[in-house]
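One structure below.
Since every read-out is calculated from the coordinates, none of them should be taken as a lab result. Keep in mind it's a predicted model, so treat the numbers as computed, not measured. For neighbour counting, all protein chains shown are included, and Cβ atoms are generated from backbone atoms with ideal geometry for every residue, glycine included.
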Amino acid sequence: MGNLRNKLDDDEWRALENSSNDNKVTRLEIINHADNNRPTGRLLTLYKELGDFNRVELDYQDYGRTLKIFLL
């Protein structure tokens, strides 16, 4: 996916940051396409409609080197 911040202009980035309060995410998927010894493909799928989570929060830490995903 790369660095999302570099792919968006300032207005798009601000809109994305402000939209996190709306929390429109209803499905979270984690997919491994990396060349490593872990299973490839979809590793995890969670659905809001099934009660797997109520909301998702993203937090970039370590100067953008770490993305943390919090399911609440």
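Out of the residues in segment 20-72 that are aromatic (Phe, Trp, Tyr) and in a loop (DSSP other than H, G, I, E, B), which is surrounded by the most Cβ atoms within 10 Å (Cβ to Cβ)?
Among them, the one singled out is Phe53.
Give segment 28-70 a look and list any residue that's of a type in the set (Val, Ile, Thr) and free of Cβ contacts under 8 Å to residues at least 40 places away in the same chain, or say none.
Hits for segment 28-70 are Ile30, Ile31, Thr40, Thr45, Val56, Thr66.
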